[in-house]
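Undergrad: Before I ask anything, here is the structure I am working with.
The values are calculated or read from the model by the stated rules, or taken from the named source; none is laboratory data. Just so you know, these numbers come straight off a predicted model, no measurement behind them. We place every Cβ from the backbone using ideal geometry, glycine too, and count neighbours over all the protein chains shown.
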Amino acid sequence: MAVPKRRKTSSRRDQRRMHLFLKAPILMLCSKCKKPLKPHIVCKYCGFYNNKEVVDILGKLTKKERKQREKEMKTKEKEGGKDKPMTMEGLSKK
């Protein structure tokens, strides 16, 4: 049976393992509810994909949860519709 002739140093071992680490997932924002999600996946919160409703999320909820979710969605739409005048500080940050 083959046996290594020399011991591998910790430096060589660590160089070999240099690419073995966890990477942070790439996230994007949902176009409807602005929640972070992975690309090319239906939003679990609102059920939209590519600006089209794919899954009826509200149909699966209880009456109380549905009311609360609808209220949250209306407030999000109102916030998104408001155009705030840009100040000099806001322009400089872009």
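Undergrad: Under the condition of being part of a helix (DSSP H, G or I) and at pLDDT 85 or above, which residue from the stretch 39-65 is nearest to residue 28 (Cα to Cα)?
TA: Narrowing the stretch 39-65 to residues part of a helix (DSSP H, G or I): 57-60, 63-65.
Filter again for at pLDDT 85 or above, leaving 63-65.
On the way: 63: 30, 64: 29, 65: 26 Å.
Only one residue fits best here, namely 65.
Undergrad: Could you look through the stretch 19-36, keep only residues that are assigned to a loop (DSSP other than H, G, I, E, B) and surrounded by 11 or more Cβ atoms within 10 Å (Cβ to Cβ), and pick out the one that is farthest from the chain's Cα centre (by Cα)?
TA: Only one residue fits best here, namely 32.
Undergrad: Which pairs do you get when a residue that is at positive phi, found in the stretch 32-50, comes within reach of a residue that is surrounded by fewer than 17 Cβ atoms within 10 Å (Cβ to Cβ) and among the hydrophobic types (A, V, I, L, M, F, W, C), reach meaning Cβ atoms under 7 angstrom, with the pair 6+ apart or on two chains?
TA: Qualifying pairs under 7 Å: 47/54; 47/55.
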